[in-house]
Amino acid sequence: MLRDLKLKLLAFTTAAGFALAAPFAVPANAQSGEPIKIGFSMALTGPLSPNGKQALLGLQIWEEEVNSKGGLLGRPVKLIYYDDQSQSAPVPGIYTKLLDVDKVDLILGPYATVPAAAAMPVAMQKNKMMIILFGLGVNTEFKYDKFFAMIPSGPDTKPAFTAGFFEVAAKLDPKPQTVAFIAADQEFSKNACDGAKDNAKKIGLRTVYDRSYPPNATDFTPIMRGVAAANPDIVAVCSYPLDSVGIVKATNEIGFKPKMIGGAMVGLQATGIKNQLGALLNGWTNYETWVPDKKMFYDGTEAFFKKYQARAQAAGADLLGYYLGGWGYAYAQVLEQAIKETKSLKDDVLAAYIHKASFKTIHGVVKFGPTGEWEKSGMLQVQYHNIKPGTPTVETWRGMDYQTVLTPAELKTGDLIYPFEKAK
């Protein structure tokens, strides 16, 4: 599918992007020298926008902090960005405009798999280095040597989102025997579901249900009734934000209680979606990429979130920013270190440095492998529990009272409540 996408996107005209994208340029603080212009697209409307807005706020905080310290290479930094509407279609035009019209010095990649894949042909055609944010397996077919992914999935990208889910399942007593798979018919979900199937096979589970649903699906009750009819021990779900909400609600509505359910559900990490679902989340097991446990605080982490949370409401962003706020800041930190250490804005020089260096970020030390993915996985699998019925507040989600880290072992904070019904 990425191969087909690549061919389609190379045919895109610059004009298409101009018509679809509205600019959101942020002025740099007053400093001497021509600004270093860094361009990117971000999901500021559409289903991915709850995540995209927090990533943007993280980037803006980084920009302000860098400029308050004198900028980079003696020049201020200026972010130039456009709304990609959580879609692939506007992205090629946006990046062409950034490079040909706005004349940005450097680009950062979009958030999410579909927009990031859409940006790749332009980056490759223009020979630009690009660090994307949370795209899964985007470079698998492109194999571009100036590509980097700020996502803790590690070198084996597709299985990473559910590796912990099946690792936990394999140790249960009695051990589950059967599994169901449901996934959105979109690039991320299909990639994650392919990885989930590999993980299930490794621990000897028998598949009793395997279906995908269209990206525009809104009624998940029939889908979950179909899963329930197959009576699987565990259910692996690979979904986008709106789907994740619908699947949780439908599962509760029909009273379906497998022994374990969750896996690779985008959206459950967002404070707004957690508020919407509340106690319906009890028992669900899902990936996270960072949680506010003391073991996951590094130099600058606490200071960043204090600053982010003070500004989130006014910015219309996720009030806590735990999912992408910190990562938006962190992937800019990688670019910052590369520029400072190489004293260069040349894409070839920066890419060569990023391939060999380690990077200190507010989410720990990051090292990229040969394909541009992380050298080692840092994905978490958590279970939500003890969420009281009623209307949650931000304080409900601020700490660790409602979630337990199950994997990896070095970050584990407790054990799975099993079966799923016990956590309800």
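Is it the case that some residue within region 200-213 is in contact with a helix residue (DSSP H, G or I) (Cβ under 7 Å, 6 or more places away or on another chain) and closer than 15 Å to G262 by Cβ? Yes, there is a match, as at least one residue in region 200-213 is in contact with a helix residue (DSSP H, G or I) (Cβ under 7 Å, 6 or more places away or on another chain) and closer than 15 Å to G262 by Cβ. Residues that are crowded, with 24+ Cβ neighbours inside 10 Å, assigned to a loop (DSSP other than H, G, I, E, B) and assigned by TED's automatic domain parsing to the domain that holds G328 do not occur anywhere in region 68-82. You will find that of K158, K197, K201, K249, the residue that is in a helix (DSSP H, G or I), free of Cβ contacts under 8 Å to residues at least 12 places away in the same chain and either touching a Cys at 6+ places or on another chain (Cβ under 7 Å) or under 28 Å from G414 (Cα atoms) (or both) is K201 and no other. Scanning region 263-296 for residues that are hydroxyl-bearing (S, T, Y) and either buried (at least 24 other Cβ atoms within 10 Å of the Cβ) or touching a strand residue (DSSP E or B) at 6+ places or on another chain (Cβ under 6 Å) (or both), we see that the one that is nearest to G135 (Cα to Cα) is Y287. Residues in region 106-152 that are hydroxyl-bearing (S, T, Y) and within 21 Å of I362 (Cβ to Cβ): 1 in all. Pairs are defined by a Cβ separation below 7 Å, a sequence spacing of at least 6 or placement on different chains, a first member in region 397-424 that is under 16 Å from L281 (Cβ atoms), and a second member that is among the polar types (S, T, N, Q) and part of a loop (DSSP other than H, G, I, E, B); the pairs so defined are M400/T413; D401/N386; Y402/N386; T404/T413; V405/T413; A423/N282; K424/N282. When E167 is tested against (1) out of contact with any Ser or Thr (no Cβ under 9 Å at 6 or more places or on another chain); (2) assigned by TED's automatic domain parsing to the domain that holds L416; (3) among the charged types (D, E, K, R), only condition (1) is not met.
Looking for something touching a helix residue (DSSP H, G or I) at 6+ places or on another chain (Cβ under 6 Å), buried (at least 24 other Cβ atoms within 10 Å of the Cβ) and either on the phi > 0 side of the Ramachandran plot or assigned to a loop (DSSP other than H, G, I, E, B) (or both) - is there at least one such residue anywhere in region 109-121? Yes, region 109-121 contains at least one residue that is touching a helix residue (DSSP H, G or I) at 6+ places or on another chain (Cβ under 6 Å), buried (at least 24 other Cβ atoms within 10 Å of the Cβ) and either on the phi > 0 side of the Ramachandran plot or assigned to a loop (DSSP other than H, G, I, E, B) (or both).
Inspection of region 332-342 finds no residue satisfying the criterion of being part of a strand (DSSP E or B), surrounded by 15 or more Cβ atoms within 10 Å (Cβ to Cβ) and in the same structural domain as L48 (by TED's automatic domain parsing). Hey, does region 138-145 have a residue that's outside the structural domain of D233 (by TED's automatic domain parsing) and buried (at least 24 other Cβ atoms within 10 Å of the Cβ)? Yes, that holds for at least one residue. For region 334-351, check the following and say yes or no: at least one residue is within 30 Å of G71 (Cα to Cα), under 20 Å from the mean Cα position of the chain (by Cα) and of a type outside the set (G, A, S). Yes, that holds for at least one residue. Answer yes or no as to whether K360 is at pLDDT below 95 and charged (D, E, K, R). No; evaluated as a whole, the condition is false for this residue.
The values are calculated or read from the model by the stated rules, or taken from the named source; none is laboratory data. Bear in mind the structure is a predicted one, so any value in this text is a computation, not a measurement. A quick note on method: Cβ atoms are made from the backbone with ideal geometry, for glycine too, and the neighbour counts reach across all protein chains shown.
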